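Report on one structure; see the data block that follows.
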């Protein structure tokens, strides 16, 4: 009961994206937004779970969380396995922004720039220095999951 009340409170307080075909969602790293599907869905796929994660609340509502910088897509199917939703999710350091590729001779670095600040966004083909950034991103995600699990354990 507590979780349902908590979810309903978050739905009321969060920005809502009415989800249909070809809509697009932009959110910041570690932010959660609510998706409202026009028709009930039974299966949801995330193109790259390192960038975004979806948690279903019920057949017509879901939370989408920015987990890593970049762009991916989310697709949802109804119970007849017909696609009823397909959108791109863009995760940035803050609202808005774009991707910049910096070439230093043979080395390449990809950055996601927004609000006057650029954040490393390791992509395939980037230099070996990207490995350190990937390790930091993994540590950040592990800390977020641990904190989330601890908070969920105190609510029960």
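The values are calculated or read from the model by the stated rules, or taken from the named source; none is laboratory data. Remember, predicted model here, so these are calculated numbers, not experimental data. Cβ atoms come from the backbone with ideal geometry, glycine included; neighbour counts cover every protein chain shown.
If a residue must be surrounded by 12 or more Cβ atoms within 10 Å (Cβ to Cβ), assigned to a loop (DSSP other than H, G, I, E, B) and touching a strand residue (DSSP E or B) at 6+ places or on another chain (Cβ under 7 Å), how many such residues does segment 68-122 contain?
The qualifying residues number 9.
Could you give me the residue pairs with C-beta distances under 7 Å whose first residue belongs to segment 120-139 and is closer than 16 Å to residue 106 by Cβ, whose second residue is modelled with pLDDT of 75 or more and exposed (fewer than 14 other Cβ atoms within 10 Å of the Cβ) wherever it lies, and which are 6+ apart or on separate chains?
Listed pairs, sorted by first residue: 127/107.
What are the residues in segment 19-31 that are surrounded by fewer than 19 Cβ atoms within 10 Å (Cβ to Cβ) and more than 27 Å from residue 120 (Cα to Cα), if any?
20, 21, 22
Scan segment 32-66 residue by residue and report those that are part of a strand (DSSP E or B), exposed (fewer than 14 other Cβ atoms within 10 Å of the Cβ) and free of Cβ contacts under 8 Å to residues at least 24 places away in the same chain.
55, 58
Give me the pairs, please: first residue somewhere in segment 78-92 and over 21 Å from residue 40 (Cβ atoms), second residue anywhere and outside any strand (DSSP E or B), beta-carbon distance under 6 Å, and either six or more positions apart or on two chains.
Filtered contacts from segment 78-92: 91/29; 91/51; 91/69.
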